[in-house]
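Take a look at the structure set out below.
The values are calculated or read from the model by the stated rules, or taken from the named source; none is laboratory data. Everything numeric here is computed off the predicted structure, so don't read it as measured data. FYI the Cβ positions are ideal-geometry reconstructions off the backbone, even for glycines, and counts take in every protein chain you see. The area values use the complete protein model at the heavy-atom level, side chains included, leaving out ligands, DNA and RNA. Shrake-Rupley method; radii C 1.70, N 1.55, O 1.52, S 1.80 Å.
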Amino acid sequence: GESVGLHLPTLSVQEGDNSIINCAYSNSASDYFIWYKQESGKGPQFIIDIRSNMDKRQGQRVTVLLNKTVKHLSLQIAATQPGDSAVYFCAENTQDSGTYKYIFGTGTRLKVLA
Amino acid sequence: DTAVSQTPKYLVTQMGNDKSIKCEQNLGHDTMYWYKQDSKKFLKIMFSYNNKELIINETVPNRFSPKSPDKAHLNLHINSLELGDSAVYFCASSRTTREKLFFGSGTQLSVL
């Protein structure tokens, strides 16, 4: 089924610490996943993606981990900076009635404390 | 040189009015989308078009009518606006339905 946003979880981290944002996805057949960052007043921006044939993918200061057994995705941000403050969404690319679409998670607000 | 641009940025209107939001992408993508983001930031797909053809219609009220005059444009017309239509509407595009989405900057619709 699809995620329903009941509330927006918030993660507060000290500047310079590492952040871990988690996401549970819904369809075990989904094979492509993306993390997006949404700053206030803007549209979601692509951060990093991963396909289901991988468990881990690294970018610049970001790492995505995929655990297909428990349908779990995480985004790790190293040395969190004030500019990382935003809402983060995971999205799964899933098949529905013969076509593919993205289902977004509920989102997590990341607050970076100085 | 914005990749996905939508207008207007803000739209304030009275209940019962009809309004349109326009979207254009210059990425050469085949697939375009409309998403609705509610006050809790939840993003939900409304429509998807592939090469001007409707491929996803997520049980959106028929007051909402998307139109794709060509594959670079996807407009959204809303009839008889209701209070519950207040939200941020995002246009997005992707090369195919299996590749990453590029989003516009959103249209904040407020129905009074």
What pairs come up if the first residue lies in region A:97-113 and is more than 10 Å from every other protein chain (Cβ to nearest Cβ), the second is small (Gly, Ala, Ser) and surrounded by fewer than 20 Cβ atoms within 10 Å (Cβ to Cβ), and their beta carbons are under 9 Å apart, counting only those six or more places apart or on different chains? A:LEU110/A:SER12; A:LEU110/A:SER85; A:LYS111/A:SER12; A:LYS111/A:SER85; A:VAL112/A:SER12; A:VAL112/A:GLY83; A:VAL112/A:SER85; A:LEU113/A:SER12
Please verify whether region B:11-22 includes one or more residues that are in a loop (DSSP other than H, G, I, E, B) and either at the interface with another protein chain (Cβ under 10 Å from one of its Cβ atoms) or within 11 Å of the chain's Cα centre (by Cα) (or both). no
Considering every residue within region A:5-13, establish whether at least one is within 13 Å of another protein chain (Cβ to nearest Cβ) and within 28 Å of B:VAL4 (Cα to Cα). yes
Can A:LYS71 be described as open to solvent by 80 Å² or more (accessible area, probe 1.4 Å) and of a type in the set (Lys, Arg)? no
Which residue pairs have Cβ atoms under 8 Å apart, sit 6 or more places apart or on different chains, and have a first residue in region B:75-100 that is free of Cβ contacts under 8 Å to residues at least 12 places away in the same chain and facing another protein chain (nearest Cβ under 9 Å) and a second that is open to solvent by less than 50 Å² (accessible area, probe 1.4 Å) and not charged (D, E, K, R)? B:ARG98/A:TYR32; B:ARG98/A:ASN93; B:LYS100/A:ILE34; B:LYS100/B:SER94
Mind listing whichever residues of region B:67-81 are charged (D, E, K, R) and crowded, with 16+ Cβ neighbours inside 10 Å? B:LYS71
Hits in region A:74-96 (condition: more than 13 Å from chain B (Cβ to nearest Cβ) and either at positive phi or open to solvent by 20 Å² or more (accessible area, probe 1.4 Å) (or both)): A:GLN76, A:ALA78, A:ALA79, A:GLN81, A:PRO82, A:GLY83, A:SER85
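To keep it simple, each residue is scored yes or no on (1) over 21 Å from B:SER39 (Cβ atoms); (2) in contact with a Lys or Arg (Cβ under 8 Å, 6 or more places away or on another chain).
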site	(1), (2)
A:HIS7	no, yes
A:ILE47	yes, yes
A:VAL70	yes, no
A:ALA79	yes, yes
A:VAL87	no, yes
A:CYS90	no, no
A:ASN93	yes, yes
Has region A:87-95 got at least one residue that is assigned to a strand (DSSP E or B) and modelled with pLDDT under 95? yes
Among (1) under 20 Å from A:GLN45 (Cβ atoms); (2) in contact with a strand residue (DSSP E or B) (Cβ under 8 Å, 6 or more places away or on another chain), the one test that B:GLY28 misses: (2)
May I ask you to verify whether A:LEU65 is more than 14 Å from chain B (Cβ to nearest Cβ) and open to solvent by less than 60 Å² (accessible area, probe 1.4 Å)? yes
Consider region B:24-45. How many of its residues are surrounded by 19 or more Cβ atoms within 10 Å (Cβ to Cβ) and either in a strand (DSSP E or B) or more than 11 Å from chain A (Cβ to nearest Cβ) (or both)? 12
When B:PRO69 is evaluated against the numbered criteria (1) within 14 Å of another protein chain (Cβ to nearest Cβ); (2) modelled with pLDDT under 95, which criterion, by number, is the only one it fails? (1)
